[in-house]
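Coordinate-derived values only; no laboratory data. Please read these numbers as outputs of a predicted model, since none were measured by experiment. Cβ placement follows ideal geometry from the backbone for every residue including glycine, while neighbour counts extend to all protein chains displayed.
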Amino acid sequence: MADKVTLTEAEWLAKLGPERYHILRQAGTERPFTGIYERNKATGVYMCGGCGAPLFASSEKYESGCGWPSYTAPLPDAPIDELIDTSHGMIRTEVRCARCDGHLGHVFPDGPRDAGGLRYCINSASLDFAPKE
């Protein structure tokens, strides 16, 4: 993994802007069916919007109907941390970028069974996309 990215909160806010800052740095979420990548079908790689680390291949993206981009698995070497999240009266598994500690979304055990059974439910605002050339 590349070096850990650490910025002050003021630097993160200046870099990300208010919406992305709220999601990546304050564990917020975007409204369902509003994210720019929710319906994206282009071939490429989804990267962390905070530090640019490659996270998900478009080949792992699928239509889950939940309103957020969904993936069956991260890239093999993706810097992903999974943490227990007990906010909002639920027990969930939070997904964070291990390189910049940015909140990406959550992973649930209700994905396609033939692809491992996981659904990485990720905020579009926490991602950037690099189309395949």
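Quick notes on this structure:
- Cβ-based net charge around D101, under 9 Å, with every Lys or Arg adding one and every Asp or Glu removing one: +3
- Arranged from fewest to most other beta-carbon atoms within 10 Å of their beta carbon, S126, S70, S59 become S59, S70, S126.
- Seen from A27, the other residues with C-beta closer than 15 Å to its C-beta sum to a net charge of -4, counting Lys and Arg as +1 and Asp and Glu as -1.
- Proximal lysines to K61, defined as alpha-carbon separation beneath 16 angstrom and excluding residues fewer than eight positions away on the same chain: K41, K132
- Toward the positive end of the charge dipole of the chain, with +1 on the Cβ of Lys and Arg and -1 on the Cβ of Asp and Glu, the farthest Cα among G35, H88, G111 is that of G35.
- Reach of K4 by Cα under 17 Å, taken over aspartates and glutamates that are not fewer than 8 positions away in the same chain: D77, D81, E82, D101
- Here the residues V45, V107, ranked from fewest to most Cβ neighbours within 10 Å of their Cβ, fall in the order V45, V107.
- Coarse-grained scattering of segment 9-131 at q = 0.20 Å⁻¹, given as base-10 log I(q)/I(0) from a Debye sum over alpha-carbon atoms: -1.14
- Cysteine residues of the chain whose C-beta has no other cysteine C-beta under 4.7 angstrom: C66, C121.
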